[in-house]
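Have a look at the structure below, then the notes.
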């Protein structure tokens, strides 16, 4: 698929600057942005490790996503955090 977008000179300059900072051509930089907002479907994941990697990469795992904690350890951690941050 080919998509044509008319950019203002300012938009083009900002795109070029950000692409250069990322070490990419503008087209590749835009492709990376699309991958960030529309990642591969989770159905292509083959195992739990890939699922965790997917969730972490897409910032969906949350601050308490430590897979080494069992549920009671996680509850203690959440309680301590709530007390520390005055959530309780």
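The values are calculated or read from the model by the stated rules, or taken from the named source; none is laboratory data. If you're wondering where the values come from, they're calculated on a predicted model, not measured in any experiment. With ideal geometry, Cβ positions are generated from the backbone for all residues, glycine too; neighbour counts draw on all protein chains shown.
Restricting attention to the stretch 4-23, report how many residues are part of a helix (DSSP H, G or I) and under 16 Å from residue 34 (Cβ atoms).
Residues in the stretch 4-23 being part of a helix (DSSP H, G or I) and under 16 Å from residue 34 (Cβ atoms): 3 in total.
Determine which member of the set 43, 32 is assigned to a helix (DSSP H, G or I) and modelled with pLDDT of 75 or more.
32
Just to be sure I understand, how many residues within the stretch 46-88 are closer than 30 Å to residue 19 by Cβ and at pLDDT below 75?
Total satisfying the criteria: 8.
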